Amino acid sequence: MTARGIDVSAYQGAQDWDAHRKAGIVFAFAKASEGQHSRDPRFDMHIAGIIKAGLIPGAYHFAWPNQDPATEAANYVAAVRPYARPGFVHWLDLERMSDGRNYHGRTASQIRAYVSAWTGAVQRAFPGQRVGIYTSADDLAAGHVPAGLPLWYPAYPWGPADYSRAEAAPQPRPHGWTPLIWQFTSQPMDRSIAYMTPDGFRAWAAGTETKEALVANTDDVKTLWQTDGVLASPDGDKDPTGNRYWSAESYLRFGYRQDRETNALVKQLLAKTDAQRQTIDQLVKTVATLASNVGHLDAGAVVAELQHAIESIHVHLDVDPQES
């Protein structure tokens, strides 16, 4: 199950956001800013409508990596601050213009540093709110994106397409990344699916997804951190569809607790092993004593002494002497 969404900019006019919600749209993102000083002229109109309709809101900034990331982040922060609240999602739109002018003069490592600086500045401006990256396979392949950022991935295999077609298709895996969101078409407008249930995506956006009903599409730790994804719930919690999932944070917390419990068990086993070693040492001594006195004891006495020692060691080994 997925959550459906759209994104808009100055290229789109006024939207009927209530109609979008009734049609099954769960989230909507609007362009807020670009570069060091530009603002999207329709951002305020779009984002106010998105919030009023009760959709999961978010905004994005079009990146110029050959400019100052702190100034660009400040431009974005100023644009979205009146609307950013818990549950608001922030995105850096990292894509090379057709003529390359926004990447001109920058190496891959410099672009990566820009991304880290911009996302870090926005995260500090809005503690506890999600900050992710919108970028292409080319940028991922070039190493422009630091690991750990939620990925909103654009790839259009069909031209015009509806949500059901994207939901039936395999989840993209560009260059080892697993997108949290796939923007699968720009016709008739930008459409995306998030690989979570609607409730799960809302909880993820709000940062409260500890035991939410999320759909797991991750299969390893690298993917887990890239998407802040989910794994099977150790305590058996289920969502309405019968799936058992937990967030990465909660899963790893559980793992830490399990490590502590394992350590305690190991200590118990070591203590028990030490007791067994002492019992075995005592058995060896008993046998040695019997061997030295074998000429002075009758057979019955030797057997009785050995039986007593064997029963003692079985107690420490937690086994039934009759089964040995």
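The values are calculated or read from the model by the stated rules, or taken from the named source; none is laboratory data. A quick note: this is a predicted structure, and the numbers were derived from the prediction, not measured. Here the Cβ is made from the backbone with ideal geometry for all residues, glycine too, and neighbour counts use every protein chain on show.
Things to note:
- Of all residues in the range 89-113, those that are under 22 Å from residue 7 (Cα atoms) have Cβ atoms under 6 Å from Cβ atoms of residues that are among the charged types (D, E, K, R), 6 or more apart or on another chain, in 89/130; 94/139.
This table checks each residue for (1) surrounded by 16 or more Cβ atoms within 10 Å (Cβ to Cβ); (2) more than 26 Å from residue 164 (Cβ to Cβ); (3) in contact with an Asp or Glu (Cβ under 9 Å, 6 or more places away or on another chain).
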position	(1), (2), (3)
28	yes, no, yes
46	yes, no, yes
56	yes, no, no
69	yes, yes, no
94	yes, yes, yes
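- The single condition from (1) more than 21 Å from residue 42 (Cα to Cα); (2) among the charged types (D, E, K, R); (3) surrounded by 15 or more Cβ atoms within 10 Å (Cβ to Cβ) that residue 165 fails is (3).
- The range 13-41: number of residues that are under 19 Å from residue 191 (Cβ atoms) and either in contact (Cβ under 8 Å) with a residue 40 or more places away in the chain or not assigned by TED's automatic domain parsing to the domain that holds residue 197 (or both): 5
- Here the helices (runs of 4 or more DSSP H) wholly within the range 1-94 that include at least 2 residues being among the aliphatic types (A, V, I, L, M) are 43-52, 69-80.
- Scanning the range 126-143 for residues that are touching a Gly at 6+ places or on another chain (Cβ under 9 Å) and surrounded by fewer than 17 Cβ atoms within 10 Å (Cβ to Cβ) returns a single hit, 128.
- Search result, residues across the range 142-165 that are in contact with a Pro (Cβ under 8 Å, 6 or more places away or on another chain) and of a type in the set (Gly, Ala, Ser): 155
- Scope the range 181-196; condition free of Cβ contacts under 8 Å to residues at least 40 places away in the same chain and either polar (S, T, N, Q) or assigned to a loop (DSSP other than H, G, I, E, B) (or both); matching residues: 185, 186, 187, 188
- The residues of the range 125-154 that are more than 28 Å from residue 208 (Cα to Cα) and in a helix (DSSP H, G or I), listed by number, are 137, 138, 139, 140, 141.
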